[in-house]
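Undergrad: My questions all concern the structure below.
Read the figures in this text as sums done on the coordinates, not as results from a lab. Just so you know, these numbers come straight off a predicted model, no measurement behind them. Cβ placement follows ideal geometry from the backbone for every residue including glycine, while neighbour counts extend to all protein chains displayed.
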Amino acid sequence: GGIGQNISSYTADQAVVQRYMTTATQTLAARSIWTNGLMSIVSTLLFFGIGTALFTFYQHHPDRLDWSIHTDQIFPLFISRELPAGLAGLMVAAIFAAAQSTVSTSMNSTATTLVTDFLRPGGHISSDRQALKAARMLTALSGLLGTALALLFVQPEIRSLFDAFIKVIGLFMGVLGGLFMLGMLTRRANTLGATVGVVAGSGVMLYLWLFTHINGYLYTAIGIATCMAVGYLVSLFASHSERSLKGLTIFTQQEPSSQRDS
């Protein structure tokens, strides 16, 4: 599940892609990806360590835990009740800072994508000044939309916001990740295959969300597998394009310009 999520993030998540795309060379981009991967191991161990420490603490002091609260509320409860005043304030400030940086990155990448890939090519923007103004408006709108969606998750039926978040991310990112993988790992992928793969993957993901209780970590992996499998099979039986695939797949990175897809 975690592998699928990272595949989707590093191929289809603009908030992640825009970071290593700003590097000067492909070598630096690869280095940044590997560095982030290594740092992710450290941060994951720290996060699991915090959870293990909280579990151990409340196992030994069950009287200090409010058993009616949700799982997501245990860490804030520990901060407010167990940490001294100054340290508790620093922890809350750090959490808010981390949340703000994550949200602002997503808002910025959403606005950038809409302006660069939709408004400017569509002829709706003719100058950098208009692009900046549109990006600011889209950032504000995405913030309002994100706030509204966050309020929808404040429901008694949702026992864990993190689990719900993983499912929502997998619902969309699995299909997008599968679409990128289909294009990068195969030579036969075409428009029809990619379209059918996306539709099939979206249908499967919607079914999992509405009618099953499968673990949220499997959403992304299932979405990738469905989109790739269906897309590739349809591409095999669809008409085959003869245009050059140089630099578009992992098999044609060094392909000469004259060589065509066979």
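Undergrad: Please find the FRET efficiency linking Thr27 to Ile158, where r is the Cβ-Cβ separation and R0 is fixed at 45 Å, and quote it to the nearest 0.05.
TA: Values: r = 44 Å, r/R0 = 0.98.
FRET efficiency, Thr27 to Ile158: 0.55.
Undergrad: Oh, and also: What angle, in degrees between 0 and 90 and rounded to the nearest 10, separates the Cα long axis of helix 26-60 from the longest principal axis of the Cα atoms of the chain?
TA: For 26-60 against the chain, the angle is about 30 degrees.
Undergrad: A follow-up question, please. Just to verify a number: FRET efficiency for Leu119 and Asp63, C-beta to C-beta distance, R0 = 51 Å, to 0.05? Walk me through the numbers on the way to the answer.
TA: On the way: r = 58 Å, r/R0 = 1.13.
The formula returns an efficiency of 0.30 here.
Undergrad: Where in region 169-260 are there chymotrypsin sites (Phe, Trp or Tyr not before Pro) that are in a DSSP coil and have at most 13 other Cβ atoms within 10 angstrom of their Cβ? All intermediate terms of the calculation are to be shown ahead of the outcome.
TA: Details: sites: Phe172, Phe180, Tyr207, Trp209, Phe211, Tyr217, Tyr219, Tyr232, Phe237, Phe251; in loops: Phe251.
Those satisfying the criteria are Phe251.
Undergrad: How far is it, in nm, from the label point at Ser239 to the one at Phe75 when both lie 7 Å from their Cα along the line to the Cβ?
TA: 5.3
Undergrad: Between Thr35 and Leu144, how many nm apart are label points set 7 Å from Cα along the C-beta direction?
TA: In this crude spin-label approximation the distance works out to 3.9 nm.
Undergrad: Can you compute the label reach from Ser43? Point 7 Å from Cα along the Cβ direction, backbone N cut-off under 11 Å, restricted to region 62-103.
TA: What the label zone holds, given the 11 Å backbone N cut-off, is 98-99, 102.
Undergrad: Output the 0 to 90 degree angle, nearest 10, between the alpha-carbon long axis of helix 161-185 and the longest principal axis computed from the alpha carbons of the chain.
TA: Rounded to the nearest ten degrees, it is 20.
Undergrad: Please give the calculated 222 nm ellipticity per residue for the chain, where each DSSP H segment of at least 4 residues contributes -39500 (n - 2.57) and the sum is spread over every residue; nearest 500 deg cm²/dmol?
TA: On the way: 9 runs with 184 residues, N = 262.
Computed mean residue ellipticity for the chain: -24500 deg cm²/dmol.
Undergrad: Considering the chain as a Gaussian network with a 10 Å cut-off on Cα pairs, which listed residue, His240, His60, His124, attains the greatest mean-square fluctuation?
TA: Result: His60 has the largest fluctuation of those listed.
Undergrad: Apply the a/c threshold of 1.5 to the C-alpha gyration tensor of region 116-186 and tell me whether it is rounded, prolate or oblate.
TA: oblate
Undergrad: What full-extension length gain, to one decimal in nm, is calculated for Leu185 and Arg129 as 0.36 nm per residue of separation minus the Cα-Cα distance?
TA: Details: separation 56, 0.36 × 56 = 20.16 nm, distance 3.92 nm.
Gain in length upon complete extension: 16.2 nm.
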